[in-house]
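S.K.: Please see the structure below; I have some questions.
The values are calculated or read from the model by the stated rules, or taken from the named source; none is laboratory data. Bear in mind that the values here come from a model prediction, so they are computed numbers and not experimental data. Here the Cβ positions follow ideal geometry from the backbone for every residue, glycine too, while neighbour counts run over all protein chains shown. Keep in mind that these areas ignore ligands, DNA and RNA; they rest on the heavy atoms of the full protein, side chains included. Shrake-Rupley method; radii C 1.70, N 1.55, O 1.52, S 1.80 Å.
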Amino acid sequence: MEIIIKQNADMASHASARVVARLVREKPNAVLGLATGSTPLMLYRELVRMHKEEGLDFSRVTTFNLDEYIGLKKEHPQSYYTFMWENLFSQINIKPENVHLPDGMAADVPASCAAYEQEILNAGGIDLQVLGIGSDGHIGFNEPTSSFASRTRIKTLTQQTVADNARFFDGDGSKVPHHCITMGIGTIMDAQMNLMLAFGAGKADAVSAMVEGPVSSMMPASILQHHPLAKVFIDEAAASALKLSNYYRWVYDGKPEWQRDA
Ligand code: GLP
């Protein structure tokens, strides 16, 4: 894992946007895996700016989102479909037919999950997957004890995640759907690159467990220790519980110019 500690969330987000932009410039038909939540918002804002001011071209890019709530219509204000269109897709030149999210209203959920996996394969696999981390260590909606071999499927949220996400539903946990469709951990691990973002003191314990703790399904994000190309962009607050933070800074500061993409 490469740990990139920046002074604040804005700087970390901008650094991560440079990695995404470099891929899109080098491979205009890149396949991006995207995440929701508050964490990637600044990354998406920066990608929009790069599109508008620097001509970053998404016309051949394909995207697959990690997850979606079950039972929310696309047009629901808290569906991840709405989130992605509001915060990114409507502001860049991506083709609507190249955008994919799990279908939270599917009549046959297992069939739609299998079809989602097939669509990822048909697109050539995910080049770069954006990830956030839940306070309980989840990635996508792969809650603790999710199988490391799992593929896209239905999951039940933990009470902790329902409580965490209630802030998006007028603070009312009873409005948060308890079920979701999420890419599996096996799906996420198949991405060529994983780009994890985590900001704020509330994520410090999850980040230290993910980076420096044992690999365990109790901390789903810890599986990224087994990924050959996982970059973790964090701010000082999220880095505050890391034992080897000085080493990570030393590594980053000493990188030769040719290895620098952020
Ligand atoms: C949500 C999403 C995750 C996200 C995480 C953290 O439930 N399913 O993909 O990474 O929780 O959210 P936030 O970025 O708002 O802290």
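S.K.: With springs connecting C-alpha atoms under 10 Å apart, model the chain as a Gaussian network and identify which of ASP205, ASP108, ASP127 has the largest mean-square fluctuation.
M.R.: Among ASP205, ASP108, ASP127, the largest mean-square fluctuation in the Gaussian network model of the chain belongs to ASP108.
S.K.: In the chain, what percent of the accessible surface is made up of carbon and sulfur (1.4 Å probe, ligands and nucleic acids excluded)?
M.R.: That fraction is 53 percent.
S.K.: Measure of size requested: the Rg and Dmax of the stretch 154-197, with Cα atoms as the atom set and Å as the unit; please supply both.
M.R.: Considering the stretch 154-197 through its Cα atoms, Rg and Dmax are 13.3, 38 Å.
S.K.: For the stretch 96-156, what is the convex hull volume of the alpha-carbon atoms per residue, in Å³?
M.R.: 122 Å³
S.K.: Okay, moving on. Considering only C-alpha atoms, what is the centroid distance from the stretch 168-204 to the stretch 33-69, in Å?
M.R.: Each part reduced to its Cα centre gives a spacing of 16 Å.
S.K.: Can you tally the net charge around PHE199? Count Lys and Arg as +1, Asp and Glu as -1, for every other residue whose Cβ sits under 10 Å from the Cβ of PHE199.
M.R.: In short, -1.
S.K.: If you don't mind, there's one more thing I want to ask. Give me the distance between the Cα centres of the stretch 71-88 and the stretch 13-31, rounded to whole Å.
M.R.: First find each Cα centre; the distance between them is then 24 Å.
S.K.: Okay, next question. Give the dimensionless ratio obtained when the Cα radius of gyration of the stretch 33-99 is divided by 2.2 N^0.38 Å.
M.R.: That ratio works out to 1.10.
S.K.: Around TYR81, what is the net charge, scoring Lys/Arg as +1 and Asp/Glu as -1 over all other residues with Cβ under 13 Å from its Cβ?
M.R.: That sum, taken over residues with Cβ under 13 Å, equals -3.
S.K.: Also: So what are the three principal axis dimensions of the stretch 2-242 from its Cα atoms, in whole Å, longest to shortest?
M.R.: Answer, in whole Å and largest first: 45, 42, 35 Å.
S.K.: Before rounding to the nearest 500, sum -39500 (n - 2.57) across all DSSP H runs of length at least 4 in the chain and divide by the residue total; then give [θ] at 222 nm in deg cm²/dmol.
M.R.: -9500 deg cm²/dmol, from helical runs alone.
S.K.: So how much accessible area does MET11 have, in Å² to the nearest 10, using a 1.4 Å probe?
M.R.: About 80 Å², ignoring ligands and nucleic acids.
S.K.: Between GLU212, GLU26, GLU119, find the one with the highest GNM mean-square fluctuation for the chain; connect C-alpha pairs within less than 10 Å.
M.R.: GLU26
S.K.: Further question on the same structure: Give me the accessible area per residue for the chain, probe 1.4 Å, as a whole number in Å².
M.R.: 44 Å²
S.K.: Now for a separate question. Under a Cβ-Cβ cut-off of 14 Å, what is the net charge of the residues other than GLY186 that fall near it, where Lys and Arg count +1 and Asp and Glu count -1?
M.R.: Net local charge, GLY186 excluded: +1.
S.K.: At a temperature of 25 °C and a viscosity of 0.890 mPa s, determine how fast the stretch 81-120 diffuses translationally according to Stokes-Einstein, using the Kirkwood radius over alpha-carbon pairs as Rh; express D in µm²/s, rounded to the nearest whole number.
M.R.: Calculated translational D: 215 µm²/s.
S.K.: Follow-up. On full extension of the chain, what length is gained from SER59 through ARG260, given 0.36 nm per residue of separation minus the C-alpha to C-alpha distance?
M.R.: 69.7 nm
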